[in-house]
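Below is one structure, written out as structure tokens; the observations come after it.
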Amino acid sequence: MRIGMVSEMNDPSEGSLPEHVHHLAREARRLGHRVQILTTAMPDLPSRPLDGFGPDVIRLGRSVPMLGRRGLGRLACGPGLAGRLREVLARERFDVLHIHSPLSPVLPLLALHYATCPVVGTFHDGLEPGLLFQLARPTLQRYLDRIDAPVAISRALLAPLRGQLQADFQVIPHGVDADRFSRGRRLRRYDDGQVNLLWVGRAEPRAGLDRMLAAFERVWREVDARLIVVGGGPLLPRYRAMVPAALAADVIFAGEVLESRPDWYATADICCVPARAGDAGLAILEAMAAGKPVVASDLPGHRELLHPSREGELVDPEDTTAWVRSIVRLAREPVRAASYGERGRQTAALYAWPSVAREILSLYRTVARA
């Protein structure tokens, strides 16, 4: 099949959505399909020659970062963006167009507007009903009706839409490169007997790094531990400034470590996911694939991936005391932690990308035939 994938962003540092597109495209190409990724240029980001993010990418216009209530996003801009998109769609004659976050401006909505082939649309973030949503709802419903196969990455993501927008959604979860994350190597410089806590994500309010720092300050008083922060973002200096001087030597800001991320998971003794919002739970899947116990926020989307007292523990994201209690217990009970990690590895195998991609490709064939 000739498959087009549309994403407002296509840089691995920008979160789970571009990683989803990257791995799905890689699996489809491996199975003999031709895949073109339609996205934007990101001149504000350094070039990252990570395998799979470069080939068969068509960049339309450029995108600029925008900090919104849900975190950091991007918006496409540039003269002739719509016309260039129409030219590409007419030239490539895709059998299926897969639009990611299809009701989001700018490029996804434009692609949905101009698409002439069957469309699959995957929703990665929930739409929050509010005044603006209510005003736009009739238009959003018309665009949603253009999607032949609407997909959500979790059941939790659909909950706010009940009674608001009508569509026959399928749930196909995020995948994980289980083989890659199972092969990480522990970093020797942190293999010194201290308990390594790991936080991975983008430094933005909904990711809960401030909550993690507050909990770690109390954990640090009870066990010999360090906190490793993996990820970047424009708000990172603000979080660095929150670290008390007494803890500075035991809080490691590793930055964006794209290619060596499995090694950082391998170095962790406990992985912490204190997000206040989010539906994908990619950090949970990666930690489980690495065989690590997880302490995560008790969110509906996380409950679909992690079962309490099996792969880890779910905690109220705003209850710092509960976070401290769970982390300290796992630090002091390595047998329990190892049991969580082993069960997590088994669970993560269910979300391995070859399996998830086959399900999506089966959906492509269905809409293409129809």
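Rule-based calculations on the coordinates, nothing more; no lab input. Fair warning: this is a prediction, and the values are worked out from it, not measured in the lab. Backbone-built Cβ (ideal geometry, glycine too); neighbour counts: all protein chains shown.
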Query raised in the report: Can you give the net charge of the other residues whose Cβ lies under 9 Å from the Cβ of Leu197, counting K and R as +1 and D and E as -1?
Result: 0
Requested in this report: List the equivalent ellipsoid semi-axes of segment 147-262 in whole Å, largest first, each obtained as the square root of 5λ for an eigenvalue λ of the Cα gyration tensor.
Outcome: 35, 19, 13
Query - Charged-residue dipole, Cβ positions (Lys, Arg, Asp, Glu), segment 178-349 about Cα centre, Debye nearest 20 - result: 240
Query raised in the report: So how long is each side of segment 178-349 along the principal axes, counting just the alpha-carbon atoms, biggest first, in Å?
Result: 40, 35, 31
Requested in this report: Treat every Asp and Glu Cβ in the chain as -1 and every Lys and Arg Cβ as +1, leave all other atoms uncharged, and give the resulting dipole magnitude about the Cα centre to the nearest 20 debye.
Outcome: 580
Query raised in the report: When only Cα pairs under 8 Å and 6 or more residues apart are kept, what is the percent relative contact order across segment 188-264?
Result: 34
Query - segment 256-363 - Rg (one decimal) and Dmax (whole number), Cα, Å - result: 14.0, 46
Query raised in the report: Net charge near Val328, counting Lys/Arg +1 and Asp/Glu -1 over other residues with Cβ under 9 Å of its Cβ?
Result: +3
Query - segment 118-185: C-alpha pair distances exceeding 13 Å, % - result: 69
Query raised in the report: At each listed q (0.12 Å⁻¹), what is the log10 of I(q)/I(0) that the Debye formula gives for the chain modelled as equal alpha-carbon point scatterers?
Result: -0.90
Report task. Let me have the 222 nm mean residue ellipticity of the chain computed from DSSP H runs of 4+ only, each contributing -39500 (n - 2.57), with the sum over all residues rounded to the nearest 500. Result -> -11500 deg cm²/dmol
Report task. Taking amide H positions as placed in the peptide plane 1.01 Å from N, state which residues far from Ala352 in sequence (5 or more) or on other chains have amide H under 5 Å from it. Result -> Val176
Report task. Could you pull out every residue, at least 5 positions away or on a different chain, whose amide H is within less than 5 Å of the one on Thr40? Hs are placed 1.01 Å off N in the peptide plane, and Pro or chain starts have none. Result -> Asn10, Leu60
**Report entry** Selected from Thr347, Pro334, Ser309, residue furthest toward positive end of dipole (segment 178-349; charges at beta carbon)
**Finding:** Pro334
Query raised in the report: What is segment 247-324's relative contact order, in percent, from Cα pairs under 8 angstrom and six or more apart in sequence?
Result: 24
Query raised in the report: What is the set of long-range amide H partners of Glu256 at a cut-off below 5 Å, with H atoms built 1.01 Å from backbone N?
Result: Gly231
